[in-house]
Every structure is written in C-alpha cells, then in structure tokens.
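As structure tokens, the structure follows; a few thoughts come after it.
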Amino acid sequence: MRVDGAFVKNERSRDTTVEIGGGEAALGAVWIRVDDGGNERVWRLGPGEEIVLGSGEGVNVQLVDRTVSARHAALVHRGSVIEVLDLGSRNGMRVAGTRVARAFLSMGSMVELGHAVVRVDGSALAGETHQGAPLSLLVGRSAPMRRLGGAVRRLAPLRLPVMIRGESGTGKDLVARALHEESPRKGKPFVALNAATISRELAESELFGHQRGAFTGALRDRRGAFREAHQGTLFLDEIAALPLDVQAKLLRVVEEGIVRPLGAETTTHVDVRLVVATCEPLEQMVAVRRFRADLYERLAVCLVRVPPLRERTEDIAALCMHLFATSEIGPRELSPGALAALRAEKWPGNVRELRNVIVQAAVRAPGVIQAEHVTSVLAERGGRRVKLCPDDARRLFEEAGGNTSEAARRAAVPRSTMRDLLRAAGATARLSQNVPTTPSP
C-alpha cells in the first residue's frame with residue numbers, strides 16, 4: 001500500500017509490497033531523528049548500518065515510552081532506501097497512521113513507535129544538531145521551525161539589535177523571548193512594550209522614564225522600559241508605530257547606550273539588548289519618510305523571519321494539542337478529516353486565527369471534532385471554506401489514476417495534505433488495491 005513517501009508491507013498481506021514513494025538514487029549517510037516525549041535526539045546511519053530502537057537495555061536507541069517494547073524496531077540503511085522492521089513488538093509501528101510490519105522510508109518519511117516519532121533526514125542536514133533543533137518556547141518541529149531555531153541560537157549570544165519580521169499572529173513575541181532565554185542575559189530582565197498601544201504623548205516616558213513633576217500628571221518618578229531592562233532584553237513590538245520624534249531619541253539610545261528621563265538633568269547608562277518586531281513594510285515607510293532611515297539601518301543589522309503557518313502546516317496537529325491544552329477547552333481530539341481541513345487552509349491570521357477556529361469547532365462538537373465542525377466555522381468567517389474536502393480529494397485521486405502526487409498537483413496542495421484528505425474519505429485502502437504491486441525488496 002502507498003503511505004507517507006515510503007514502501008510499506010501491510011501486516012495482512014506480507015507477500016506483496018506496494019510502491020508508495022522513494023527513489024532508486026543511492027543515499028549517503030542519513031540522520032535519524034527521534035522525538036521521544038519532546039526530547040529530540042539524532043543518530044547517524046550510514047550505508048549498510050543498522051540501529052535497533054526500544055525501551056529495553058542493549059538497544060542502540062533507548063526510548064522512554066513504556067508502550068514501546070524492549071526491542072521494538074530496527075532501521076537498516078539499504079543503499080537507496082531506509083528499511084524499518086517491526087521486531088515483534090506488542091503495539092506495532094505506524095506510517096501515516098497505518099500499522100505496518102515493514103516499510104522502506106525515503107527522505108522526510110516518518111514512522112511512529114508508540115508515542116515516539118522517527119524521521120529520516122538527508123545528509124545535507126548533517127551539520128544541523130542542536131543549532132537546528134526547534135525552540136522550546138515555540139510549538140512545531142517542521143523544517144522552517146528548525147531553521148528558525150538555528151537562526152535564533154546563532155544571534156542570541158550577540159549584543160547587536162535584532163529585528164523580527166513576520167505576519168501578524170506568527171508568534172514574534174515568543175521568538176523575542178526565545179532570543180533572551182538562549183542568550184547570556186537569561187535570568188536578567190525581559191521587558192516587552194507594544195509601541196502601538198502607547199499614546200504619542202506618553203511614548204517617551206514609557207521608554208526613557210520621567211522624574212516627578214516633569215509634566216502634568218507626573219506624580220512620581222518612572223524608570224522607563226530601558227532602565228527596567230538594564231542588563232537584560234527590551235522587546236519593542238510594532239516598532240513601526242513609534243512616532244518620528246521618539247524614533248530620533250531611540251536612535252541616540254541605540255548608538256550611545258544612554259537615556260535621559262523626562263525632567264532629568266543627567267543621563268543614565270543602560271546595558272540593554274534591543275529586539276524589535278514588525279509586520280509592516282518598513283522599507284516602504286522609510287521611502288516615504290514615515291520611518292527614519294538611520295534608525296532602520298541600526299535596527300536591521302540582524303534579521304529573523306518568522307514563517308507563516310501556511311509554510312509549516314505539518315505543525316498544525318501539535319499546535320492544536322498545545323492550544324487546546326492551554327485553553328479552558330482542555331484536551332480534545334481531532335478526526336483525520338478535521339485535521340486535513342485545517343491543513344488545507346491558508347491561514348492569513350496564522351496561529352492566532354487557528355486558535356479561534358479550533359476553539360469554535362470544539363464548542364460545536366459533542367465529542368471528536370469532525371471535518372464538518374471545522375468547515376462550518378471557516379464558512380462563517382468571511383465566507384471562506386477549505387480549498388478541498390475529502391470527497392473532492394477522492395474524486396481527484398480517481399481522476400489521476402490513483403496517483404497521490406498527481407492528485408496533489410491538480411489540487412495545488414501539499415502531498416501530505418492530499419494523503420490526509422484521502423484517509424479522511426476512506427479512499428486510501430480501497431483505491432490502493434488498484435496500484436500495481438511489485439516484489440518486496
């Protein structure tokens with residue numbers, strides 16, 4: 001049968017193997033990544049080598065999950081594919097939700113052993129170890145999130161300002177916090193200030209502080225964000241909203257490291273790592289003189305781009321679990337169809353919008369959240385709907401002659417999304433019988 005970019009041998013049909021992906025090109029050494037209860041570990045697997053995974057002693061990769069057998073599965077590098085074999089485990093292993101006894105994995109394929117997820121990565125990622133691991137404060141282990149983690153860890157030890165760019169709702173504030181937590185300033189103050197929420201009249205006081213009597217209503221001294229963040233990190237969100245006159249004073253602080261509170265006659269030295277964020281086109285604002293060019297150049301020394309949700313749809317399942325767990329809704333289960341509907345969306349509002357949609361869907365669902373609960377919420381939000389429903393996916397799959405990749409291309413969706421939709425439609429098992437079988441390697 002065809003599942004998750006790999007050849008798999010079905011438990012009920014051990015004499016045949018059906019092609020589901022992969023290729024014949026020889027592989028070099030690959031990296032086997034194991035996410036075992038949130039703790040990601042990496043092993044190198046070269047041609048001809050084998051590693052055994054399980055919860056017992058004497059295995060190459062020992063898993064903490066007690067639902068995993070002592071010797072659960074083995075991975076063997078066969079030259080052009082990675083073979084994974086069930087070693088007679090109690091709970092079996094699954095590829096894309098389908099229980100299998102044997103599979104031939106290609107690059108990017110994953111297999112589940114209990115709650116542990118095993119992924120095959122290419123040799124191009126050989127240098128990516130801790131630097132490419134996801135950030136603990138952000139949910140998601142997709143390639144874009146690993147790249148984000150690497151960028152943050154490279155910049156965290158520096159004192160230079162960092163500008164975080166990304167669409168609204170992508171979690172720029174969490175990236176700023178991660179820069180602080182990964183830096184030598186961890187344990188020192190982290191002060192966050194949203195420039196869009198402070199009035200023009202109070203912006204200077206909020207940033208630099210004031211002395212009592214400096215203006216009407218200044219009944220006591222105020223330290224200001226820069227002095228509060230001394231020796232730590234100051235995060236200025238929505239930096240594009242800062243008034244031009246305050247931008248000029250901010251530039252001085254960035255260049256000289258000194259602040260003068262309103263009403264004060266002396267200056268104060270501050271040691272602050274400045275992190276700013278925006279979803280606005282600052283370059284265009286500079287061109288029309290709505291943002292100072294000199295300040296932009298000082299702040300944009302180090303840039304970090306936060307990927308939108310549509311570029312990391314494989315993280316949606318983990319995000320939903322986290323969003324449910326951190327809301328008053330509590331843990332809830334999503335059906336394969338509901339998950340497919342979520343992955344097919346473009347999410348212009350990113351994670352913030354995802355949270356709103358799944359919470360509304362959960363309120364409508366008496367038990368497991370189904371695809372119709374998700375699509376009804378999306379339909380009410382501005383008349384939008386998912387690009388593809390499971391029945392549409394099954395029709396395209398049939399029209400494409402049972403070729404998942406071709407069906408995904410016709411629908412303009414990722415292949416993984418098409419697989420999810422087909423499983424939700426109950427089409428995978430029935431239609432896979434029409435795919436020609438080939439001898440087991």
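The values are calculated or read from the model by the stated rules, or taken from the named source; none is laboratory data. What you see is a predicted model; the values in this text were computed from it and never measured. Here the Cβ positions follow ideal geometry from the backbone for every residue, glycine too, while neighbour counts run over all protein chains shown. All accessible areas refer to the heavy atoms of the entire protein, side chains included, with ligands and DNA or RNA removed. Shrake-Rupley method; radii C 1.70, N 1.55, O 1.52, S 1.80 Å.
Could you work out how far the C-alpha centroid of segment 142-216 sits from that of segment 337-382, in angstrom? Cα centroid of segment 142-216 versus Cα centroid of segment 337-382: 31 Å apart. Amide H to amide H distances under 5 Å link ASN194 with ASP237, where only residues 5 or more positions off or on other chains count and H is placed in the peptide plane. Among the GluC sites (Glu not before Pro) in segment 179-210, those located in a DSSP loop and surrounded by at most 15 other Cβ atoms within 10 Å of their own Cβ are GLU201. Computed log10 I(q)/I(0) for segment 299-403 at 0.10, 0.15, 0.17 Å⁻¹: -0.32, -0.65, -0.79, from the Debye equation with unit scatterers placed on every C-alpha and solvent omitted.
Distance from the Cα centroid of segment 31-76 to that of segment 225-293 is 49 Å (rounded to whole angstrom).
The share of accessible area on segment 234-330 that comes from carbon and sulfur is 48 percent, using a 1.4 angstrom probe.
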